[in-house]
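Below: one structure, written as structure tokens.
The values are calculated or read from the model by the stated rules, or taken from the named source; none is laboratory data. Computed from a predicted structure; not experimentally measured. When we count neighbours, we look across all protein chains shown, and the Cβ atoms used for this are built from the backbone with ideal geometry, even at glycine. Accessible surface areas use protein heavy atoms only, side chains included; no ligands, DNA or RNA. Shrake-Rupley method; radii C 1.70, N 1.55, O 1.52, S 1.80 Å.
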Amino acid sequence: MTTTPSDIYLNGQFLPLEEAKISVLDRGFLFGDGVYEVIPCYAGRLFRLEHHLQRLDNSLRAIQMTSPKSPEEWREILSRLVNQHPGTDQSIYLQITRGATGKRDHAIPKHITPTLFAMSQPARYPDAATLATGIKAITLEDNRWQRCDIKAITLLANVLLRSEAMDQGAAEAILIRDNQAMEGATSNLFIVQGGVIITPPKSDHLLPGITRDLVLELAIQHGMAYQETPISVAALQAAEEIWLTSSTKEVMAVVDLDGQRVGNGQPGPIYSQMANYYRDYKARLQAGIETT
Ligand code: PDD
């Protein structure tokens, strides 16, 4: 898929990429003062749009903003982007910044118009080979701020942590705060212990992932044992299986943690079960059987 003239939505207009311009005084550019969503689109169908819009709303409220559009208006805008490439798998990026005023000032101005930006990009979902073999991860100290539940565009810590992982030949960093494994630099964390699927409970220290919630829903639907409980570093190191989830990673097995094999060094049996359920769900969505 190449970028076509209407792949960008900016402040009420559908534009070619080259014509989509914002002010250098935009607070998103100056301060990282904004929030975002990444919404998968399977065969032209937006995945869990209501959930993404609800999280967007929560992020906006947390930074003292309100949603500038209703869910229906967002659906209309995003559908128009998606329909440029009917029936294809895409990834929608949606970003709202607080907007621009005439000067650089940290204080939040009383009157300001937010900058609304959305784009469709080709889907970048993991290939079958990577899903089958799993990935390497390393643990790193979580040096992000205290409000990781907000999907803020201020991602410098995540960028550096992920980069450190890649420099060490790993695909992701699993972040440790107060001796607890929280999530990945760009994904949520699951382990399997004694056959039970475990993920940390939602808190200010991790992003409430939409894929995470779907995985838990699938566990309930298929009668798989699960717990939302903190994961200590010791539990992470002793885990039978480790998985990471995100809109772009889907459900991915970690087979090597800090240079040590996880389980037998291959994606485990509970992972395979969940990956099948996830694949089926996605196939039903692509076929129009599942609607969100
Ligand atoms: N990131 N935790 C963090 C820190 C993330 O950045 C992400 C996703 C997730 C998973 O959330 P979800 O399942 O809703 O995608 C968890 C996106 C994909 C990104 O920043 O590109």
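Taken over the stretch 248-261, the criterion of being open to solvent by less than 20 Å² (accessible area, probe 1.4 Å) and either without any contact (Cβ under 8 Å) to a residue 60 or more places away in the chain or within 15 Å of the ligand (Cβ to nearest atom) (or both) is satisfied by 250, 251, 252, 254.
Within the stretch 51-62, restricting attention to residues that are in contact (Cβ under 8 Å) with a residue 12 or more places away in the chain and more than 13 Å from the ligand (Cβ to nearest atom), the residue that is most open to solvent (accessible area, probe 1.4 Å) is 62. Scanning the stretch 133-161 for residues that are closer than 29 Å to residue 282 by Cα, surrounded by 13 or more Cβ atoms within 10 Å (Cβ to Cβ) and within 14 Å of the ligand (Cβ to nearest atom) yields a total of 9. Does residue 168 meet the test of being over 30 Å from residue 65 (Cβ atoms) and touching a residue at least 12 places away in the same chain (Cβ under 8 Å)? So residue 168 fits the description; yes. Restricting attention to the stretch 109-132, the residues being surrounded by 13 or more Cβ atoms within 10 Å (Cβ to Cβ) and more than 18 Å from the chain's Cα centre (by Cα) number 7.
So that you can scan it fast, the table gives a plain yes or no per residue for (1) over 21 Å from residue 29 (Cα atoms); (2) touching a Gly at 6+ places or on another chain (Cβ under 9 Å):
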{"residue": "85", "(1), (2)": "yes, yes"}
{"residue": "152", "(1), (2)": "no, yes"}
{"residue": "156", "(1), (2)": "no, yes"}
{"residue": "160", "(1), (2)": "no, no"}
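Taking the condition modelled with pLDDT of 95 or more, open to solvent by 20 Å² or more (accessible area, probe 1.4 Å), within 14 Å of the chain's Cα centre (by Cα) and not aromatic (Phe, Trp, Tyr), does residue 189 pass? No: the conditions fail for residue 189. May I ask you to verify whether residue 248 is β-branched (Val, Ile, Thr) and either touching a helix residue (DSSP H, G or I) at 6+ places or on another chain (Cβ under 8 Å) or modelled with pLDDT under 95 (or both)? Yes, satisfied.
Here residue 79 fulfils each of the conditions (1) in contact with an Asp or Glu (Cβ under 7 Å, 6 or more places away or on another chain); (2) modelled with pLDDT of 95 or more apart from (1). Please count how many residues of the stretch 262-285 are part of a helix (DSSP H, G or I), open to solvent by 60 Å² or more (accessible area, probe 1.4 Å) and not charged (D, E, K, R). Matching residues across the stretch 262-285 total 3.
Only one entry in 239, 225 is outside the structural domain of residue 38 (by TED's automatic domain parsing), open to solvent by 40 Å² or more (accessible area, probe 1.4 Å) and small (Gly, Ala, Ser), namely 225. When the stretch 165-186 is limited to residues that are within 18 Å of the chain's Cα centre (by Cα) and open to solvent by 20 Å² or more (accessible area, probe 1.4 Å), the one that is farthest from the ligand (Cβ to nearest atom) turns out to be 171. Criterion applied to 236, 244 was being in contact (Cβ under 8 Å) with a residue 40 or more places away in the chain, part of a helix (DSSP H, G or I) and among the hydrophobic types (A, V, I, L, M, F, W, C), and the one residue passing it is 236.
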